[in-house]
Amino acid sequence: INIVNSENLNNNLNNNESDSDCKNENSKIIENDTSFYHFNNMFIPLDEEIITELMHTVRFRWMDTKQLEEIEQNSYVPRNLLVEALFAKLKDDSSEQTIQSNFDENNNNNNNPNNNSNNNSNNNNIHVVLTSAQLKSLRLAPRLACGTIFEHESDLDTNGIIYWIATKGCKQSWQNPHTTSQLRVVVSSIERGDPAFLVSRDQQELWTKDVPASWIMIDFGPNRSVVPSAYTLRHGGNYRADSLRTWDLQGSQDGSIWTLLRRHSNDQSLNGPFATYTWSIETISKFRLFRLLQTGHNSSNHNFLVISAFEVYGELYEK
């Protein structure tokens, strides 16, 4: 079933392939209704009627007042769409009931007596054109959240979420995201190194003090959350000693309630100078923070937590 609205255009655009080393470079061409509005402006040389139809698929109701003031200057945007958006925002401001989308194409097809002939058809490519009322209902409803998917290919490759953040979506050269405040690394204590080393591309040593239950945490910030599918660690020393063996990977949204994502007991995967390894994670939940909590002695029977790199893969949601 092909539904004529902005979602199909968005999906088609996001199938473009990138020649860059960063596999996710073009994965979010249209991020929100503002970018979709600017995308529609690319077609202004076309027939005015076509542009007007495209503008009807933009959800102006979810733009802020400043954006609407700028858009008001565009003669190709029908005035009634802006009035509709402003009335919806006013209802929110006055705490009245907001307009909700109740459109269900399957129910509409089943309840419409004129569709009996279509129901008996063997045509598998049904083309559904939304009515003006249905389009209005869609415009006033929030879009479903859509994350960017990051898949692991090799340890510490350029497909990870932290690499994406450090390069601002592969649009600039890599910069340490802790140093630039794109994310935050917090360590329970420091014997050697700097918190920024955890998200560095270089082989640098980061040690906690020799204290039981040592931990290292990464905070992706209030505007990001991750549904993790895998994570990579790198041992933090140029020798086998003091390698991580027993620990928990935890996730949290608020930093106070932690969810166990994977438990490791005498895991000897990290067993060499700056050794790396990647483990899978099974969860459907989103997390803002991730924490490595050492729950037993390392390979040298110490409590030093020695790690020099962390990367995570999965689905990234950004506000």
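Tell me which of these ASN223 doesn't satisfy, since it passes every other one: (1) in contact (Cβ under 8 Å) with a residue 60 or more places away in the chain; (2) polar (S, T, N, Q); (3) open to solvent by 50 Å² or more (accessible area, probe 1.4 Å); (4) over 24 Å from GLU151 (Cα atoms).
Result: ASN223 passes all but (4).
Listed here are the residues, each with its yes/no results for (1) buried (at least 18 other Cβ atoms within 10 Å of the Cβ); (2) of a type in the set (Phe, Trp, Tyr).
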site: HIS235; (1), (2): yes, no
site: TRP247; (1), (2): yes, yes
site: GLY251; (1), (2): yes, no
site: ASN271; (1), (2): no, no
site: GLU282; (1), (2): no, no
site: LEU305; (1), (2): yes, no
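Of all the residues that make up the stretch 61-81, how many are part of a helix (DSSP H, G or I), under 16 Å from HIS38 (Cβ atoms) and either among the hydroxyl-bearing types (Ser, Thr, Tyr) or modelled with pLDDT of 80 or more (or both)? Give the derivation first.
So in the stretch 61-81, the residues part of a helix (DSSP H, G or I) come out as 61-62, 65-71, 79-81.
Then drop every residue that is not under 16 Å from HIS38 (Cβ atoms), which leaves 62, 66-71, 81.
Still in the list and also either among the hydroxyl-bearing types (Ser, Thr, Tyr) or modelled with pLDDT of 80 or more (or both): 66-71, 81.
Of the residues in the stretch 61-81, 7 are part of a helix (DSSP H, G or I), under 16 Å from HIS38 (Cβ atoms) and either among the hydroxyl-bearing types (Ser, Thr, Tyr) or modelled with pLDDT of 80 or more (or both).
Mind checking whether some residue in the stretch 151-165 is over 15 Å from LEU292 (Cβ atoms), touching a residue at least 24 places away in the same chain (Cβ under 8 Å) and in contact with a helix residue (DSSP H, G or I) (Cβ under 6 Å, 6 or more places away or on another chain)?
Checked the stretch 151-165: no residue is over 15 Å from LEU292 (Cβ atoms), touching a residue at least 24 places away in the same chain (Cβ under 8 Å) and in contact with a helix residue (DSSP H, G or I) (Cβ under 6 Å, 6 or more places away or on another chain).
Would you check if there is a residue in the stretch 173-180 being exposed (fewer than 15 other Cβ atoms within 10 Å of the Cβ) and under 22 Å from GLY272 (Cα atoms)?
No, every residue in the stretch 173-180 fails to be exposed (fewer than 15 other Cβ atoms within 10 Å of the Cβ) and under 22 Å from GLY272 (Cα atoms).
Just one of ILE162, ILE190 is of a type outside the set (Gly, Ala, Ser) and either in contact with an Asp or Glu (Cβ under 8 Å, 6 or more places away or on another chain) or under 19 Å from ASP254 (Cα atoms) (or both); which is it?
Details: ILE190 fails: either in contact with an Asp or Glu (Cβ under 8 Å, 6 or more places away or on another chain) or under 19 Å from ASP254 (Cα atoms) (or both).
Of ILE162, ILE190, the one residue that is of a type outside the set (Gly, Ala, Ser) and either in contact with an Asp or Glu (Cβ under 8 Å, 6 or more places away or on another chain) or under 19 Å from ASP254 (Cα atoms) (or both) is ILE162.
What number of residues in the stretch 200-218 are open to solvent by 10 Å² or more (accessible area, probe 1.4 Å) and either assigned to a strand (DSSP E or B) or among the small types (Gly, Ala, Ser) (or both)? Give the steps one after another, and end with the answer.
Filtering the stretch 200-218 down to residues open to solvent by 10 Å² or more (accessible area, probe 1.4 Å) leaves 200-205, 207, 209-213, 215, 217.
If we keep only those that are either assigned to a strand (DSSP E or B) or among the small types (Gly, Ala, Ser) (or both) as well, we get 200, 207, 213, 215, 217.
Matching residues across the stretch 200-218 total 5.
Just need a number here: residues in the stretch 266-281 that are closer than 15 Å to TYR231 by Cα, assigned to a loop (DSSP other than H, G, I, E, B) and either within 17 Å of the chain's Cα centre (by Cα) or in contact (Cβ under 8 Å) with a residue 40 or more places away in the chain (or both).
Just the residues of the stretch 266-281 that are closer than 15 Å to TYR231 by Cα, to begin with: 267, 269-270, 275-281.
Cutting the leftovers down to assigned to a loop (DSSP other than H, G, I, E, B) gives us 267, 269-270, 275, 281.
When the remaining residues are screened for being either within 17 Å of the chain's Cα centre (by Cα) or in contact (Cβ under 8 Å) with a residue 40 or more places away in the chain (or both), the result is 275, 281.
Adding up the residues that qualify gives 2.
On the basis of being in a loop (DSSP other than H, G, I, E, B), open to solvent by 90 Å² or more (accessible area, probe 1.4 Å), over 30 Å from HIS235 (Cα atoms) and modelled with pLDDT under 60, does ASN124 make the cut? Before you say what the answer is, go through the steps one by one.
Details: in a loop (DSSP other than H, G, I, E, B): yes; open to solvent by 90 Å² or more (accessible area, probe 1.4 Å): yes; over 30 Å from HIS235 (Cα atoms): yes; modelled with pLDDT under 60: yes.
For ASN124, the condition - in a loop (DSSP other than H, G, I, E, B), open to solvent by 90 Å² or more (accessible area, probe 1.4 Å), over 30 Å from HIS235 (Cα atoms) and modelled with pLDDT under 60 - is met.
The values are calculated or read from the model by the stated rules, or taken from the named source; none is laboratory data. Keep in mind that what you see is a predicted model, and the values were worked out from it rather than measured. Cβ atoms come from the backbone with ideal geometry, glycine included; neighbour counts cover every protein chain shown. Calculation scope for accessible area: heavy atoms of the full protein, side chains included, ligands and nucleic acids excluded. Shrake-Rupley method; radii C 1.70, N 1.55, O 1.52, S 1.80 Å.
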